[in-house]
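None of the figures in this text is laboratory data; all of them are computed from the coordinates on show. Everything quoted here is computed from the prediction, not taken from an experiment. Ideal geometry is used to build each Cβ from the backbone, glycine not excepted, and the neighbour counts take in all protein chains shown.
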Amino acid sequence: MGPAFEIVVSDGIAYAHAGDTVLVVYAAPARLPRTRWLFDRLDEITARVAPINGLMIVLPSADVPDADTRAENTRRMGRLRGRLRRIVTVVIGDSMRLTLVRTIMRAMFLLQGQSRVQSIVDSVEEGLSLLLSTPTPNMPDRAQLTAALDEIGRQLQLPLR
């Protein structure tokens, strides 16, 4: 059994970390204040632990980033170069939404030279399996990841699985 998750929920976005693993859930649109809040958390954890693994869930209620937020994402992702081991993004919604989010995220990671660390899937179970396919010694196990996601869902008052 690995380390316990610390969970923080703020204005439609949730962040949790344990060991070298981060969970993020976007329940509200990806806008500048939320993105800055998230990247501030990522900067804090990667200053102590790097490289990190991440699982990000984008719910249907979370619109794609606007132009200002995309620019911030690009800038802040550049600062994380070399500090990301694997990032799995789960896009919940129809195939058109999945394609749109996949295109935006791939472009962002490609521009930062980090395309090899990123994967995009359409189910939480697939995301968990992919994240855990190459575990690290400091990575929480599946039961801990699932329990943390259940707690995030409870705090957001939304089902995640």
Fill in the blank from the handout: With only helices counted (DSSP H, runs n ≥ 4, each -39500 (n - 2.57)), the per-residue ellipticity at 222 nm for the chain, to the nearest 500, works out to -14000 deg cm²/dmol
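So for the stretch 6-156, averaging the separation of alpha carbon pairs under 8 Å that are six or more residues apart and normalising by length, what relative contact order in percent results? Before the final figure, lay out the partial values.
On the way: 232 pairs, mean separation 38.4, N = 151.
Once normalised by length, the contact order is 25 percent.
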Practice task
Return 125, 72 ranked ascending by Cβ neighbour count within 10 Å, so the fewest neighbours appear first.
Solution key: 125, 72
Handout entry: Built amide H within the under 5 Å cut-off of residue 120, gap 5+
Key = 89
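Using the number of other C-beta atoms within 10 angstrom as an exposure proxy, rank 122, 66 with the fewest first.
On the way: 122 17, 66 14.
Final ranking by Cβ density, sparse to dense: 66, 122.
Hey, with R₀ at 22 Å, roughly what FRET efficiency would residue 147 and residue 85 work out to, going by the Cβ-Cβ distance, to 0.05? Show your work: numbers first, answer last.
Working: r = 22 Å, r/R0 = 1.00.
For residue 147 and residue 85, the calculated efficiency is 0.50.
What's the exposure ranking of 130, 23, 160, going from fewest to most Cβ atoms within 10 Å?
Working: 130 16, 23 24, 160 21.
So the residues, fewest neighbours to most, are 130, 160, 23.
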Exercise for the section: Give me the distance in nm between label points sitting 7 Å out from Cα along the Cα-to-Cβ direction at residue 49 and residue 125, one decimal. Expected result: 2.7
Problem - Simple label model, 7 Å out from Cα along Cβ direction - residue 63 to residue 75, nm - result: 2.1
Problem - Once the Cα gyration tensor of the chain is diagonalised, semi-axes √(5λ) in Å - result: 21, 18, 16
Fill in the blank from the handout: Counting only residues 5 or more apart in sequence or on a different chain, those whose built amide H sits under 5 Å from that of residue 84 are 52
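Roughly how big is the stretch 6-156's charge dipole about its Cα centre, with Cβ charges of +1 (Lys, Arg) and -1 (Asp, Glu), in debye to the nearest 20?
Numbers: 19 positive and 17 negative charges, 131 e Å.
About 640 debye.
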